[in-house]
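Here the structure is laid out as structure tokens; the discussion comes afterwards.
Read the figures in this text as sums done on the coordinates, not as results from a lab. As the structure is a prediction and not an experimental result, all values here were calculated from the model. When we count neighbours, we look across all protein chains shown, and the Cβ atoms used for this are built from the backbone with ideal geometry, even at glycine.
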Amino acid sequence: MSHVGPIQEMYDHSNYENNFFVLMGFLNGTYYALSKKERRDLVLTQLKKYYGSIVDEYDGYFEVVWRNEPCTYQAYQKHIVPHQNNGHQLYQAAYMDGRLIIAGSETSTQFPGYMEGAVSSALSVTDLIIS
Ligand SMILES: Cc1cc2nc3c(=O)[nH]c(=O)nc-3n(C[C@H](O)[C@H](O)[C@H](O)COP(=O)(O)OP(=O)(O)OC[C@H]3O[C@@H](n4cnc5c(N)ncnc54)[C@H](O)[C@@H]3O)c2cc1C
């Protein structure tokens, strides 16, 4: 976790066998306007503080800028607090005569945004389908 630099959160996503090594996490959204190369260079600079020059031996850098994703981003005027609509009651209903049901961790009233929320949502949606 960091409040300095583009990397806010980063996790070890290496595999169980420990022969495939990945760091994955979230960058501060204010860096969206930079080019991919500029963001990558800042990320590498931040990582070098902890891991040293071996960082330059990385195999690949992959990123998603959510603002550029047409299906998951909507332009907004004011700052939107993350997760504020998690578990909203609109997500709990079925639509189109029961043919459209919204599922996923963020729709859950319990532990939204986490694995437990995904399981909770799956259970609720299963109940909706069965009923
Ligand atoms: C870096 C990172 C670290 C995290 N760490 C933690 C943690 O430590 N603890 C924790 O509890 N949670 C953590 N989370 C959050 C957790 O992973 C998610 O909340 C959870 O996986 C969401 O589950 P989901 O089933 O709602 O959605 P997802 O896991 O996103 O599943 C959605 C699935 O739908 C598939 N899909 C998408 N579009 C289509 C389509 N058109 N047709 C068919 N399939 C489609 C996708 O490929 C995906 O497999 C982390 C998330 C990230 C990104």
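FRET efficiency for the pair Phe26 and Thr126, taken as 1/(1 + (r/R0)^6) with r the Cβ-Cβ distance and R0 = 41 Å, rounds to 0.85. Per-residue extension of 0.36 nm, minus the Cα-Cα distance of Met1 and Glu17, leaves a gain of 3.2 nm for this segment. Computing FRET efficiency as 1/(1 + (r/R0)^6) for Glu38 and Cys71, where r is the C-beta to C-beta distance and R0 is 22 Å, gives about 0.30.
Would you please state which residues of the range 65-94 a label at Glu116 would reach in this model, taking the label point 7 Å out along Cα→Cβ and a backbone N cut-off of under 16 Å? Zone members listed by number: 87. Relative to the longest principal axis of the Cα atoms of the chain, the long axis of helix 115-130 lies at roughly 30 degrees. According to the Kirkwood relation over distinct C-alpha pairs, the hydrodynamic radius of the range 7-68 is 12.7 Å.
Here the gap between Tyr58 and Ile102, fully extended at 0.36 nm per residue and compared with their Cα-Cα distance, gives a gain of 12.0 nm. Within the range 32-131, the trypsin sites (Lys or Arg not before Pro) that combine a DSSP coil assignment with at most 16 other C-beta atoms in a 10 angstrom radius are Lys78, Arg99.
Distant-in-sequence amide contacts of Leu27, defined by a placed amide H-H separation under 5 Å and a gap of 5 or more residues or a different chain, comprise Gln8.
Listing Thr109, Thr30 from fewest to most neighbouring C-beta atoms within 10 Å gives Thr30, Thr109.
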